[in-house]
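As structure tokens, the structure follows; a few thoughts come after it.
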Amino acid sequence: MTILTLQQAQREILAHSRPGLPEMIPLDRALGRIPAAAIRARLAVPSFPQSTRDGYALRANDSEEIGGDPGSLRLTVVGEIAAGRTRPAKRLQSGQAYRIMTGGLLPPGADCVIPFEGVHREDEGCISLQRACRAGDYIRPVGADLRRRQIIVPAGRPVMPEHLPRLATAGVGELAAYPRPRVGLLCTGSELLDDTGETPVAGHLISGNRFLLAGLIRHCGGVPVDLGTVKDDPGAIAAILTCQAESGLEMIISTGGMGPGKYDLVDGVLARLQAGLLYRELHLRPGKATMAAMLGRTLFFGLPGPPPAVHLLFYLLVAPALRRAQGYHRPRPQVVKAHLQQAVKIRRGGVIQLKDAHLQADKGRLLVRPLPPGATMNAIILAPANRRELKKDELVRVLPLTGAGQHC
């Protein structure tokens, strides 16, 4: 089978990924979900003209009579309008004003509000204006924040925290969103133990990929389904994969068993199950011991055993499929260019090298360096295939893992 490039593998994966049928979810569970269609405001916000200050509602034409003599115009205060009042006030006549609070419903006939500090209060029923005001002053008109039917969340974009109050005030209590994909994770290897409380004997170790993959799947919006740890037994591996593919999982990820050794069994199991192979090797390091296939309707990823390789390959291969399955319009990772903060040696050339890295912005430039000890990876350097060394300050291609435009 032809060895694919990273871009070819991503295209092949996305061609076999699709979102499930939309489901209705309440607003309090909508964070991070992808709407099946653009979400529009059901109501205008505000739905009535409201005051933006504590003051007096009046007619702008009345205030024009002040001319050059502040305090010469007196208005009769005919009532008070508090925020939350729904009973319509009587229509305002010339020479009248309403005392009004911030958020209050503008009375009929009024077209401006003057703050308390703009008037002189002579007694309970009369004020004099210190200055003129214009129509529209200190009024938030209908639809100033959101027009009715205005798009709040575009299709193919996740619901973010800042969307939630806008959706609520616009009367959107539920929405149609694509379901979160259920992803099975299976760790293979007779040396692996599940119980983190055990003290392994020599030759055994506790499986860390279970926790790594579960965290990565959740981080990218999926629902992890732990299929356990299985020994190097082709019959046992085949039984689990067959059962779980038939259970309706959208994806399955296995780790380990992908090399050319005697106990690297996943390739043979997939052939025995007559899986539709998408690729078996990539022009990528790590990536030689990796594969993707279709088990019926379930997309299968075979990843190598070392957690660092799992971490890197997940973002480049699995994450795009997870994003497509949730309805993202642009599921492929967005690569940027950044300046190297230090030289990077490449041990073996010939294929693109993936390097875990730390990316930061500084004075308008993106800076990247190989991951320092104890730091958290937030980017991947894509080192060119034809280089044995990358020089300090040169521009390199980088995949940001968090930040603008990156959900996972």
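Laboratory data are not the source of any read-out in this text; all were calculated from the coordinates shown. From a predicted model like this one, the values you see are computed outputs, not experimental measurements. Note: ideal-geometry Cβ built from the backbone for every residue, glycine included; neighbour counts use all protein chains shown.
Could you check the spin-label model distance between Arg91 and Arg149? Points 7 Å from the Cα along Cα→Cβ, value in nm.
Reported label-point gap for Arg91 and Arg149 is 3.0 nm.
Considering only C-alpha atoms, what is the centroid distance from segment 150-208 to segment 228-295, in Å?
About 22 Å separates the Cα centre of segment 150-208 from the one of segment 228-295.
Considering only Ala30, Tyr98, Thr76, whose Cα is most displaced toward the positive end of the charge dipole of segment 1-110, charges sitting on Cβ of Lys, Arg (+1) and Asp, Glu (-1)?
Ala30
Please report the net charge: other residues with Cβ closer than 11 Å to the Cβ of Leu167, K and R +1, D and E -1.
0
If one computes the Cα centroid of segment 353-370 and of segment 74-120, what distance in Å separates the two points?
If we compute the Cα centre of each part, the gap is 57 Å.
Counting helices only, and only those DSSP H runs with n ≥ 4, report the 222 nm mean residue ellipticity of the chain as the sum of -39,500 (n - 2.57) divided by its residues, in deg cm²/dmol to the nearest 500.
Computed mean residue ellipticity for the chain: -4500 deg cm²/dmol.
With a 10 Å radius around each residue's Cβ, average the other Cβ atoms per peptide and rank 2-8, 281-287, 75-81, 87-93, highest first.
Ranking, from highest mean packing down: 281-287, 75-81, 2-8, 87-93.
What list of ³J(HN,Hα) values in whole Hz, one per residue of segment 173-183 in order, does the Karplus curve 6.51 cos²θ - 1.76 cosθ + 1.60 (θ = phi - 60°) give from phi, with Gly and Pro shown as x?
Per residue, the Karplus-derived 3J(HN,Hα) values read x, 8, 8, 8, 10, 6, x, 6, x, 8, 10 Hz.
What is the magnitude of the charge dipole of the chain about its Cα centre, with +1 placed on the Cβ of each Lys and Arg, -1 on the Cβ of each Asp and Glu, and no other charges, expressed in debye to the nearest 20?
Result for the chain is approximately 1300 debye, rounded to the nearest 20.
Multiply the residue gap between Arg18 and Glu198 by 0.36 nm, knock off their C-alpha separation, and tell me the result in nm, one decimal place.
Answer, rounded to one decimal: 60.8 nm.
What nm distance separates the two modelled labels at Ala271 and Thr76, each placed 7 Å from Cα along Cα→Cβ?
9.9
Could I have the simple spin-label model distance between Phe48 and Thr242, label points 7 Å from Cα toward Cβ, reported in nm to one decimal?
Label-label distance for Phe48 and Thr242, simple model: 6.8 nm.
Pull up all non-local amide H partners of Leu359: gap of 5 or more, or a different chain, and H-to-H distance under 5 Å with H placed in the peptide plane.
Asn378, Ala379
Around Ala275, what is the net charge, scoring Lys/Arg as +1 and Asp/Glu as -1 over all other residues with Cβ under 12 Å from its Cβ?
Once positives and negatives cancel, what remains is +2.
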